[in-house]
1. Can you tell me how many residues within segment 46-87 are part of a loop (DSSP other than H, G, I, E, B) and not small (Gly, Ala, Ser)?
2. Are any residues in segment 107-128 among the aliphatic types (A, V, I, L, M) and in a loop (DSSP other than H, G, I, E, B), and if so, which ones?
3. Quick one: which residue in 8, 76, 30 is of a type in the set (Gly, Ala, Ser), more than 18 Å from residue 159 (Cα to Cα) and free of Cβ contacts under 8 Å to residues at least 12 places away in the same chain?
4. If you take the residues in segment 27-79 that are acidic (Asp, Glu) and more than 21 Å from residue 169 (Cβ to Cβ), which one is surrounded by the fewest Cβ atoms within 10 Å (Cβ to Cβ)?
5. Mind listing just one residue for me: the one in segment 171-188 that is charged (D, E, K, R) and not in a helix (DSSP H, G or I) and, of those, modelled with the highest pLDDT?
6. In segment 135-166, how many residues are surrounded by 11 or more Cβ atoms within 10 Å (Cβ to Cβ) and either on the phi < 0 side of the Ramachandran plot or in contact with a Leu (Cβ under 7 Å, 6 or more places away or on another chain) (or both)?
7. Pull out all pairs, ordered by first then second residue, where Cβ-Cβ is under 7 Å, the residues are six or more apart or on different chains, the first lies in segment 139-150 and is farther than 21 Å from residue 71 by Cα, and the second is in a strand (DSSP E or B).
8. Which one is farthest from the chain's Cα centre (by Cα) among residues in segment 40-78 that are modelled with pLDDT of 90 or more and among the charged types (D, E, K, R)?
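The values are calculated or read from the model by the stated rules, or taken from the named source; none is laboratory data. Note that the structure is a prediction, hence the values are computed from the model and not measured. Cβ placement follows ideal geometry from the backbone for every residue including glycine, while neighbour counts extend to all protein chains displayed.
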Amino acid sequence: MDTRFCRSHADHYARHGSPYRPSYAAREISPYRVAALAWLEGNKTDTYVVNAVERVTTLLQTSGPHMEAFRLRGLSPQDRAKAAWARLRKVGIDPRRVVAAWLAVEMIIRDDAQAERKAEFKQVQAAKLVHRMASGTHKRWGEGPTATELHVYPRPRGRVLRHMGEALEKACELLVEHRCKAFPEPQRA
């Protein structure tokens, strides 16, 4: 039972990292992701960019064995977060896209006048972006119209997002600390 918030605000807090502020919509954060990825490509030899990409690569490599999304029930949040990193590794997500997700969150919060400035909000927002990159398991048995399909998507909420976001923040902290003034403005449509 939550002693600070009512049920709806406690659920909102678990999903978004803030009891009041909603997550950024894809249309809002997409220009920032594109700008962050372009900036990373243009600065791929920078020491801090290389460091962040290598740290994310290490996160992916040390996440343990791949586990299907329908086998996550009963695992601790830490293990579910590791399973999410393993799904990203199995799908072959480029570590620069993961770093770009963190930079996009940093940039959108920088530009938002009414942004939630708590570290937990940033962690959850970035983790939600990363979680969507390879979220789910898809199985198919049989052939033709009688084939059975299973599509399972783990819910991006709670402690799992906090663990993923905290690991991502640690991976990108030197890059943000030393290069945040150089981050570009997004291209508006």
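1. Applying the first criterion (part of a loop (DSSP other than H, G, I, E, B)) to segment 46-87 yields 46, 62-68, 72-76.
Still in the running and not small (Gly, Ala, Ser): 46, 62, 65-68, 72-73, 75.
Of the residues in segment 46-87, 9 are part of a loop (DSSP other than H, G, I, E, B) and not small (Gly, Ala, Ser).
2. Taking segment 107-128 as the starting set, the residues that turn out to be among the aliphatic types (A, V, I, L, M) are 107-109, 113, 115, 119, 124, 126-127.
If the condition is that a residue be among the aliphatic types (A, V, I, L, M) and in a loop (DSSP other than H, G, I, E, B), then 113, 115 are the ones that fit.
3. Details: 8 fails: more than 18 Å from residue 159 (Cα to Cα); 76 fails: more than 18 Å from residue 159 (Cα to Cα).
Going through 8, 76, 30 in turn, the sole match is 30.
4. Applying the first criterion (acidic (Asp, Glu)) to segment 27-79 yields 28, 41, 46, 54, 68, 79.
In the following step, the residues that additionally are more than 21 Å from residue 169 (Cβ to Cβ) were identified as 41, 68.
Working: 41: 11, 68: 15.
If we take residues in segment 27-79 being acidic (Asp, Glu) and more than 21 Å from residue 169 (Cβ to Cβ), then 41 is surrounded by the fewest Cβ atoms within 10 Å (Cβ to Cβ).
5. Taking segment 171-188 as the starting set, the residues that turn out to be charged (D, E, K, R) are 173, 177, 179, 181, 185, 188.
Cutting the leftovers down to not in a helix (DSSP H, G or I) gives us 185, 188.
Working: 185: 78, 188: 63.
If we take residues in segment 171-188 being charged (D, E, K, R) and not in a helix (DSSP H, G or I), then 185 is modelled with the highest pLDDT.
6. Going residue by residue through segment 135-166, those that are surrounded by 11 or more Cβ atoms within 10 Å (Cβ to Cβ) are 135-139, 150-166.
Now drop any that are not either on the phi < 0 side of the Ramachandran plot or in contact with a Leu (Cβ under 7 Å, 6 or more places away or on another chain) (or both), which leaves 135, 137-139, 150-157, 159-166.
Of the residues in segment 135-166, 20 are surrounded by 11 or more Cβ atoms within 10 Å (Cβ to Cβ) and either on the phi < 0 side of the Ramachandran plot or in contact with a Leu (Cβ under 7 Å, 6 or more places away or on another chain) (or both).
7. 142/148; 147/140; 147/141
8. Here the residue is 46.
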